[in-house]
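Notes for the one structure printed next.
The values are calculated or read from the model by the stated rules, or taken from the named source; none is laboratory data. Please read these numbers as outputs of a predicted model, since none were measured by experiment. Using ideal geometry, Cβ is built from the backbone for each residue, glycine included, and neighbour counts are taken over all protein chains shown. Remember, those area values only see protein heavy atoms, side chains included, never the ligands or the DNA or RNA. Shrake-Rupley method; radii C 1.70, N 1.55, O 1.52, S 1.80 Å.
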Amino acid sequence: MNNILSPSILAADFTVLGEQIKAVAEGGANYLHFDVMDGIFVPSISFGMPVMTSIRKCTDLFFDTHLMIEKPDRYIEEFAKCGADGITFHVEAAPEDAAAVIRHIHATTSHKGVPLRAGISIKPGTPISAVLPYAAEADMILVMTVEPGFGGQKLIPETVDKVRALRAFVTAEGLDTDIEVDGGITEGNIADIVKAGANVVVAGSAVFRSDAKENTVRLNNLIG
Ligand code: DX5
Ligand code: ZN
């Protein structure tokens with residue numbers, strides 16, 4: 001299996017964002033992770049559609065869009081228009097109609113003329129039982145390894161057990177659902193989290209804190 005690194009631009013230097021994106025692409029990244037926050041689902045506000053539209057013009061990377069917003073259903077078409085390839089929403093933000101949100105994402109066409117990929121996410125305190133019913137329909141399950149809202153936090157060790165349990169479930173069911181992790185990933189723990197079962201790994205600070213190209217190469221080597 002080819003594991004995927006998804007650099008989170010939340011940790012990038014926005015004064016030279018184009019150069020930072022070029023650096024991760026040259027380092028071998030295929031994904032770019034967008035953390036969209038609304039100040040309600042999470043305490044912070046980050047960025048949204050105009051930023052994605054602008055970046056879409058300078059790269060072909062897969063835009064891995066992480067919506068940390070209430071009622072995510074409202075913005076699926078908008079992000080598709082701006083260049084999203086995949087949209088991940090939180091089950092806690094759409095508890096009654098998660099299946100409908102997944103269907104809505106799949107029914108929406110990306111800038112490449114194909115259906116958007118759909119991801120569903122859980123916060124550290126939410127058990128995996130909240131997303132198991134959607135494991136077959138979703139393309140990806142995102143297990144947050146920190147409380148969503150801010151970059152640069154420490155990974156919560158208990159979340160690794162959830163990754164392990166989820167991988168066991170997906171394998172037992174014969175599914176090919178991606179398992180993504182996000183938050184507190186470092187050079188020191190990235191190999192272990194992949195071993196636990198994650199195959200898509202978000203990294204913000206670990207990529208952008210220093211030379212983004214070199215960090216991308218090193219992290220990619222560590223995940224295999
Ligand atoms: C947190 C975001 C993460 C964040 C990760 O709410 O979802 O994607 O950018 O940043 P690091 O890798 O610095 O923990
Ligand atoms: Zn994220």
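Between Thr59 and Ser129, what's the calculated FRET efficiency when r is the beta-carbon distance and R0 is 45 Å? Round to 0.05. Efficiency, rounded to the nearest 0.05: 0.75.
In the complete set of protein chains, residue-level accessible area for Ser110 is approximately 10 Å², probe 1.4 angstrom. Under 14 Å between C-alpha atoms is the cut-off here; go through the chain and count lysine pairs that meet it, provided they're at least eight residues apart or on different chains. Step by step, the pairs that qualify in the chain add up to 7. Of the residues Ile21, Phe89, Leu67, the one whose Cα sits farthest towards the positive end of the charge dipole of the chain is Ile21 (charges of +1 on Lys and Arg Cβ, -1 on Asp and Glu Cβ, taken about the Cα centre). Inter-part distance, the range 117-157 to the range 1-49, computed on C-alpha centroids, equals 17 Å. Rolling a 1.4 Å probe over the protein heavy atoms leaves Phe62 with an accessible area of roughly 40 Å². A viscosity of 1.002 mPa s and a temperature of 20 °C, combined with the Kirkwood radius over C-alpha pairs in the Stokes-Einstein formula, give the chain a diffusion coefficient of 125 µm²/s.
Only beta bridges with both residues in the range 4-223 are counted; by DSSP, about 5 percent of them are antiparallel.
Annotation for the range 72-169: GluC sites (Glu not before Pro) lying in DSSP loop with at most 11 further Cβ atoms inside 10 Å of their Cβ are Glu96. Here is the size of the range 40-90 from its Cα atoms: Rg then Dmax, 10.9, 31 Å.
Grab the beta carbon distance between Glu78 and Ala191, set R0 = 30 Å, and tell me the FRET efficiency rounded to 0.05.
Details: r = 37 Å, r/R0 = 1.23.
With a Förster radius of 30 Å, E is 0.20.
Computed about its Cα centre, the charge dipole of the chain is approximately 280 debye, with only Lys, Arg, Asp and Glu carrying charge at their Cβ.
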